[in-house]
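Working notes for the structure below.
Readers should treat all values here as calculations from the given coordinates under stated rules, not as data from a laboratory. Remember, predicted model here, so these are calculated numbers, not experimental data. A quick note on method: Cβ atoms are made from the backbone with ideal geometry, for glycine too, and the neighbour counts reach across all protein chains shown.
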Amino acid sequence: MAETQADYLTIGEVLGMLVEEFPEVTISKIRFLESQGLIAPERTSSGYRRFHDTDVELLRVILTEQRENYLPLRVIRDRIASGEIDPSGEMSRPHGVERPSVVPASPLPAESRPLSVTQHPSSTGAASTARRPPTPERGPQHGDAQLLPGVILGRDEFRSMTGLTETELSDLESFGIVKSRHSSGPSTYGENEVIIARSARTLLRSGIDARHLRAWRTAAEREASLIEQVISPHLRHGDASQRAKLASKARELSEAGARLRAAFVDTALRDLL
């Protein structure tokens with residue numbers, strides 16, 4: 001029997017199934033995980049991705065491992081390949097795709113178990129008949145993918161997520177704009193480095209040299225030093241509650257500084273624009 005559209009989900013429908021449980025997930029994040037070899041959805045002859053139950057469960061496991069265990073993607077990939085992580089359980093996938101031999105632990109109760117592809121509202125009834133054909137998919141959109149808090153990326157993962165070339169990343173590192181989390185051993189990067197790298201990429205590709213980006217880092221370090229002068233006298237004898245209040249105060253000062261800096265730049269550029 002020919003496979004119907006209700007037997008699989010498009011990438012947008014998969015996002016709809018996962019976004020409530022994982023608010024940070026985006027279509028670009030799903031594409032990024034595919035580019036890193038963690039998932040391998042089927043492709044139609046036209047190039048559309050087709051996701052089955054095992055694909056959705058695999059995504060759910062990957063996102064959970066990142067969020068709860070802070071595992072790098074390479075570690076998650078290795079654990080899946082070795083069978084240490086088995087996202088497929090007893091579900092089968094069409095076309096004879098093999099599933100790992102380890103059954104996942106602690107399955108969810110039936111009443112809280114996520115809907116399967118054929119149970120999902122977008123795959124049944126009126127929603128199925130009214131659904132429009134999927135729109136053509138573009139390549140990975142690096143700027144949209146969000147790194148979950150606490151997740152650490154290796155160098156290749158970092159470049160893939162930020163869209164930097166090896167030359168651009170090396171230049172940024174040489175001028176201290178992007179810094180690896182560890183001075184020795186393999187380079188690793190977190191969510192702040194991703195934000196810095198994406199911003200730096202925009203400036204680099206607008207014609208600003210990497211060495212000139214040091215002006216932004218220097219200004220930020222001076223700003224941080226001023227905030228430190230305000231809060232550090234209160235840190236010496238503060239308890240956990242006091243430290244939480246000071247952290248909130250530091251964020252408030254940082255946000256005020258960002259608004260002030262943006263206003264100064266706008267004022268300086270007003271005549272030019």
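Points to keep in mind about this one:
- Anisotropy class of segment 152-208 from Cα gyration tensor, a/c 1.5 cut: prolate
- When ILE27, ILE195 are arranged by Cβ crowding within 10 Å, least crowded first, meaning fewest neighbours, the order is ILE195, ILE27.
- Distance between segment 15-37 and segment 191-253 - C-alpha centres, whole angstrom: 29
- With the highest mean first, a sort of the peptides 214-226, 37-49 on other beta-carbon atoms found within 10 angstrom per residue produces 37-49, 214-226.
- For segment 214-273, a crude dipole built from +1 on the beta carbon of Lys and Arg and -1 on the beta carbon of Asp and Glu, taken about the Cα centre, is about 120 debye to the nearest 20.
- Fewest-first ranking of LEU59, LEU203, using other Cβ atoms within 10 Å as the exposure measure: LEU203, LEU59
- Gyration tensor (alpha-carbon) shape descriptor, segment 214-273, a/c threshold 1.5: prolate
- Which of ALA250, LEU273, HIS234, positive extreme of dipole for segment 214-273 (C-beta unit charges): HIS234
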